[in-house]
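First the structure, in the form of structure tokens, and then the observations on it.
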Amino acid sequence: MNMQVAIEDKLRALAPAFLRVENESHRHNVPPGAQSHFKVTVVSAQFGGRRLLARHRMVNDLLTRELGELHALALHTLTPEEWAARGESPAAAPESPPCLGGSKVDKRDTQSQ
């Protein structure tokens, strides 16, 4: 199954007001078609009164199986009120940092020594 679809399906259990799952694998040093790096923005009333760590645990509990297959999962978990304060825009989630190339960085470091 497509990893993005699997993540979206499971996160629907949070009754999200907004859900965006982005496959960012193409931005990393992985084979074409990889499904290893994702960014999730989820807005849910179920996050109300919970600290960030508790929100992330809620998501992780839903994605237990998928987490075993992922290399990276960036989570942006917001309440509807927080979402509204950010203008209810997908741009409310920060941009992911650029990939440093993984093993390419390691090779560069050893070549300069």
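The values are calculated or read from the model by the stated rules, or taken from the named source; none is laboratory data. Only a predicted model underlies this, so the values are computations on that prediction, with no experimental measurement involved. In this analysis, Cβ positions are derived from the backbone assuming ideal geometry, glycine residues included, and neighbour counts consider all displayed protein chains. Keep in mind that these areas ignore ligands, DNA and RNA; they rest on the heavy atoms of the full protein, side chains included. Shrake-Rupley method; radii C 1.70, N 1.55, O 1.52, S 1.80 Å.
Quick notes on this one:
- Restricted to helices (runs of 4 or more DSSP H) entirely inside segment 36-113, those with at least 2 residues that are open to solvent by 20 Å² or more (accessible area, probe 1.4 Å) and either under 12 Å from Phe18 (Cα atoms) or at pLDDT 85 or above (or both) are 52-62, 64-67, 80-85.
- Output for segment 66-81, where each listed residue is in contact (Cβ under 8 Å) with a residue 24 or more places away in the chain and not acidic (Asp, Glu): Leu70, His71, Ala72, Leu73, Ala74, Leu75, His76, Thr77, Leu78, Thr79, Pro80
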